[in-house]
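Data block below; observations after.
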Ligand code: RBF
């Protein structure tokens with residue numbers, strides 16, 4: 001009998017995300033609130049469906065998407081979640097700031113995740129029209145808040161699986177998981 005070989009992605013897809021015991025932060029932008037409110041609703045419902053306790057979900061609101069990475073950073077420091085979700089809605093037709101805001105938020109969110117080692121999930125809609133945003137926040141294209149919740153659980157589990165192997169590198173007595181400086185990546189041999 002030939003063993004069925006599964007690659008990592010098929011393995012992950014076949015597994016039901018299990019959120020039990022996780023703590024998740026959500027930062028949500030209040031610009032286009034009917035859209036971001038629906039994203040938040042979707043994220044909360046899915047997190048709880050997958051076993052995350054409501055008491056372990058921390059929600060903070062910010063004025064607009066531009067503020068999401070800053071708030072996510074503050075939340076990582078204060079509540080030390082297993083993952084954090086950024087929810088926002090940037091509509092091209094409404095602003096010539098579109099490219100600046102969208103690119104800044106995407107880049108900063110990714111950098112925050114890499115530098116803090118807490119997964120940061122990008123749940124920011126960037127659409128041409130308000131209609132397209134509605135379709136992706138509980139309309140015919142689903143709810144991207146749901147997808148962000150599943151991504152957060154999967155990345156939190158990945159982090160939990162891999163972090164123990166790197167404890168010596170990642171843990172710092174004063175600052176928890178944060179690096180003080182680049183040398184922490186390559187500690188000198190004591191001898
Ligand atoms: N924030 C959003 O989340 N989505 C937007 O579509 C959006 N459009 C904006 C358009 C303009 C002209 C300005 C000045 C701000 C906009 N913002 C938007 C708000 C922005 O993310 C931020 O909250 C403010 O610029 C304050 O830093």
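The values are calculated or read from the model by the stated rules, or taken from the named source; none is laboratory data. Everything quoted here is computed from the prediction, not taken from an experiment. Glycine also receives a Cβ, built like all others from the backbone with ideal geometry; neighbour counts cover every protein chain displayed.
A search for C-beta distances below 6 Å between a residue of the range 117-144 that is part of a helix (DSSP H, G or I) and any residue that is surrounded by fewer than 16 Cβ atoms within 10 Å (Cβ to Cβ), counting only pairs 6+ apart in sequence or on different chains, returns 135/141.
Cβ-Cβ contacts under 6 Å between residues 6 or more apart (or on different chains), taken from a first residue in the range 26-46 that is surrounded by fewer than 24 Cβ atoms within 10 Å (Cβ to Cβ) to a second residue that is assigned to a helix (DSSP H, G or I) and at pLDDT 95 or above, are listed as 42/145; 42/146; 46/146; 46/149.
Scanning the range 78-93 for residues that are without any contact (Cβ under 8 Å) to a residue 60 or more places away in the chain and surrounded by fewer than 18 Cβ atoms within 10 Å (Cβ to Cβ) gives 78, 79, 92, 93.
One line per residue, one yes/no per condition, for (1) away from the ligand (no atom under 16 Å from the Cβ); (2) modelled with pLDDT of 95 or more; (3) within 24 Å of residue 61 (Cβ to Cβ):
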position: 81; (1), (2), (3): yes, yes, yes
position: 112; (1), (2), (3): yes, yes, yes
position: 120; (1), (2), (3): yes, yes, yes
position: 139; (1), (2), (3): yes, no, yes
position: 156; (1), (2), (3): yes, yes, yes
position: 168; (1), (2), (3): yes, no, no
position: 176; (1), (2), (3): yes, no, no
position: 180; (1), (2), (3): yes, no, no
position: 189; (1), (2), (3): yes, no, no
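Confirm whether residue 87 is in contact with a helix residue (DSSP H, G or I) (Cβ under 9 Å, 6 or more places away or on another chain) and more than 14 Å from residue 26 (Cα to Cα). Against the criterion (in contact with a helix residue (DSSP H, G or I) (Cβ under 9 Å, 6 or more places away or on another chain) and more than 14 Å from residue 26 (Cα to Cα)), residue 87 does not qualify.
Is it the case that the range 58-74 has a residue that's modelled with pLDDT of 95 or more, away from the ligand (no atom under 13 Å from the Cβ), under 17 Å from residue 109 (Cβ atoms) and buried (at least 19 other Cβ atoms within 10 Å of the Cβ)? Yes, the range 58-74 has at least one match.
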